[in-house]
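For reference, the structure is listed below as structure tokens.
The values are calculated or read from the model by the stated rules, or taken from the named source; none is laboratory data. Source: prediction; values computed, not measured. For neighbour counting, all protein chains shown are included, and Cβ atoms are generated from backbone atoms with ideal geometry for every residue, glycine included. Heavy atoms of the whole protein, side chains included, go into the accessibility calculation; ligands, DNA and RNA do not. Shrake-Rupley method; radii C 1.70, N 1.55, O 1.52, S 1.80 Å.
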Amino acid sequence: MNIARTSLLALMAGVLTGCTFTVDADVTAGAEATVAAKAPGSFGEPFPEKLFTMDRVSVVPAAEGDVIPDGAQHKITGKQLTVTYRSDEGPTAGQQITATGAQAQVTDLKAALDALTEKAGKPAGARTDWVPVNPGVGPAAAACQNLAEGEGTRCYWVDADTVGYLHMSKEAAPYIPFDKTRLALEDLEKKN
């Protein structure tokens, strides 16, 4: 409190005498820490170091072919990122999850999800069509599709302010619950 009062007095004295005022680096350090903190419910950094038995391998901007398109019921408002987790050792070797997502303005969860899954379609050899799955904490909607033998599972999810796409390797899909994965990626585990 005294520091703030002293700084304010110094600023007022500087203005009255025509001096310029500069801010110490220590004053802005707290603001940078606030910006770096991830708000629960956001798809962004920092992502967890570990996701179940898998280690975080990379976080990169979404590649052109992986970008989630805007739709009539959702508009991407944040930077689209792709995060990859993988387990290379032990009984879980081969498990991999790659998720692409971004903050979004969503007007209708179900309609946005339906539009994304319709656009993605059903590729040749897919073992299932898009099936609704438990998204975890709501309001949210999610659907997954089992791809051709050996190609794993893919999922879309939409919640109040996030749109995401997830691909699980064939080694991960039978063992990794989608809802818990989404909660971990968006840092919603503490709310559950």
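Observations
- All positions within region 43-56 that are open to solvent by 20 Å² or more (accessible area, probe 1.4 Å) and either among the polar types (S, T, N, Q) or part of a loop (DSSP other than H, G, I, E, B) (or both): 45, 46, 48, 49, 52, 53
- Among the candidates 71, 78, 101, residue that is over 16 Å from the mean Cα position of the chain (by Cα), under 21 Å from residue 156 (Cβ atoms) and surrounded by 15 or more Cβ atoms within 10 Å (Cβ to Cβ): 71
- Residue list for region 117-156, restricted to those being of a type in the set (A, V, I, L, M) and in contact with a Pro (Cβ under 8 Å, 6 or more places away or on another chain): 141, 142, 143, 147, 148
- Odd one out for residue 114 among (1) outside any loop (DSSP other than H, G, I, E, B); (2) closer than 13 Å to residue 182 by Cα; (3) open to solvent by 30 Å² or more (accessible area, probe 1.4 Å): (2)
- For region 151-165, the tally of residues that are open to solvent by 50 Å² or more (accessible area, probe 1.4 Å) and either over 11 Å from the mean Cα position of the chain (by Cα) or among the β-branched types (Val, Ile, Thr) (or both) stands at 2.
- Taking region 130-150 as the range and being open to solvent by 30 Å² or more (accessible area, probe 1.4 Å), in a loop (DSSP other than H, G, I, E, B) and within 17 Å of residue 174 (Cα to Cα) as the test, the residues that pass are 130, 133, 134, 149, 150.
- Which numbered condition residue 94 misses (of (1) assigned to a loop (DSSP other than H, G, I, E, B); (2) out of contact with any Asp or Glu (no Cβ under 6 Å at 6 or more places or on another chain); (3) under 25 Å from residue 51 (Cα atoms)): (2)
- Taking region 166-191 as the range and being in contact (Cβ under 8 Å) with a residue 60 or more places away in the chain and crowded, with 21+ Cβ neighbours inside 10 Å as the test, the residues that pass are 166, 168, 172, 176, 181, 185, 186.
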